[in-house]
Amino acid sequence: MPKGLTRLIAFILCLALLTGCGGFFFFPERGLRENLYASAFSPKDVYFTTADGFRLHAWLVMAAENKGTILVLHGNAENLSTHINSVLWLVLEGYNIFIIDYRGYGKSEGNPSIGTLHLDVDAAIKAVFGLDDINTKRVFILGQSLGGAASVYAVARSPYKSRIKALIIDSAFAEYRSITREKLGRFCITWPLQYPLSLTVRNDYSPVFWIAEVSPVPVLILHNEKDDVVPIHHGLTLYHAAREPKAFWRGTVGGHVAAFADPELRRRFLEYLEAF
C-alpha cells in the first residue's frame, strides 16, 4: 500500500477513535430555505424545550378537518423547511402536521449527537400533546430515515405511549453500527476500517433493540425495494423484531424516503389512519 494512503487511513482511524463516528449521521442546515409551497399552508412557528434546556423549533400546519395530528421526525440532512414537502399532502386530507427540527437544525439551538437526538424526540412527543386546538385523541408519529430510527426508542419508553395511535417508520435503519459498517464498506479506503470505526458509534439506542417494546402501539414499516441509502433488509429486520400489531409495506416507486410518491400507497395509508 502506498505510504501516503497508509498515512491517510491512519489519520481517519485516529480521528474517528477520538471523536467517534456519530457525527456521520447528521448533516444539519441552519438557515430555513424559502419554500413557497409550504408558505401557502401558513405554518405556525412553535418552540419547545428539551429536558436538558435546549430550545427547539417546529412548524405546526393545521388542517381544516382536524382529523388528527402527525408528529413528523425527518431525516439527517437539511431541516424542516425542505422535509415538510413530503407530508404536506396529508394536510389536504385533513391531518395536522407537527414537524420538528433537532438541535443544530434550522432555528433549533445546540449541536446534534446520537444521545441528544433522543432527548429531542422525547421533548417533541411531550410538545405535541401540549398543543392547543388540535385533536390530541388521534396523534400519530411518522419517523423518516434517521427520524424513524430515533422514534422507536422514544415511543417504547415514552410516558405518552398509551396515547399514541400508531408509529409509522419510513426507510429507517435497524442499527447505528450496522449502517455505519455498510457505508464505510462501500469505499476501498474505508473498507478495512468498517468494524473498528463502527465500534465508536453508540448502539444502545438502535431501534432493533427497542421495537418490540413499542407494542401494543401499532407499527407500520414502509421501505422501498430500490432504497440504496438504507437497504430494505433494515426495514425487514425491524419488522421481524417488532411485536403485533405490525405491518410491512414494500414500496416500489422511487428510492429513499419516497414511499408517498406512490399514489396507491398514499390511498392505503389514508385508510390505515382512518381505522384508528
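The values are calculated or read from the model by the stated rules, or taken from the named source; none is laboratory data. Keep in mind it's a predicted model, so treat the numbers as computed, not measured. A quick note on method: Cβ atoms are made from the backbone with ideal geometry, for glycine too, and the neighbour counts reach across all protein chains shown. The area values use the complete protein model at the heavy-atom level, side chains included, leaving out ligands, DNA and RNA. Shrake-Rupley method; radii C 1.70, N 1.55, O 1.52, S 1.80 Å.
A straight chain from residue 137 to residue 275 at 0.36 nm per residue would run longer than the Cα-Cα distance by 48.3 nm. Amide H contacts of residue 168 (H built 1.01 Å from N, in plane; Pro and chain starts excluded): 141, 142, 143, 220 sit under 5 Å, all sequence-distant by 5 or more or on other chains.
Quick one: longest stretch of the chain between exposed loop trypsin sites (Lys or Arg not before Pro), exposed meaning at most 11 other C-beta atoms within 10 Å and loop per DSSP?
Details: sites that count: 30, 137, 186.
In short, 31-136.
Per atom type, the chain shows carbon and sulfur on 56% of its accessible surface, probed at 1.4 Å. Here the convex hull built on the C-alpha positions of the chain has a volume of 129 cubic angstrom per residue. Neighbours of residue 137 by Cβ distance under 12 Å: Lys/Arg scored +1, Asp/Glu scored -1, total +4.
Per residue, what accessible area does the range 31-84 have, given a 1.4 Å probe and all protein chains present, in Å²?
Value for the range 31-84: 46 Å² per residue.
How many angstrom separate the Cα center of the range 226-276 from the Cα center of the range 56-112? So the two Cα centres are separated by 19 Å. Extension gain, residue 89 to residue 209: 0.36 nm times the residue separation minus the Cα-Cα distance gives 40.0 nm.
Calculated on C-alpha atoms, the gyration radius of the range 27-158 divided by its Kirkwood radius gives an Rg/Rh of 0.93. When the P(r) is computed for the range 215-276, the part past 16 Å accounts for 46% of the Cα-Cα pairs. Using only the Cα atoms, work out Rg/Rh for the range 26-104, with Rh taken as the Kirkwood radius, to two decimals. Using Cα coordinates only, the ratio equals 0.96.
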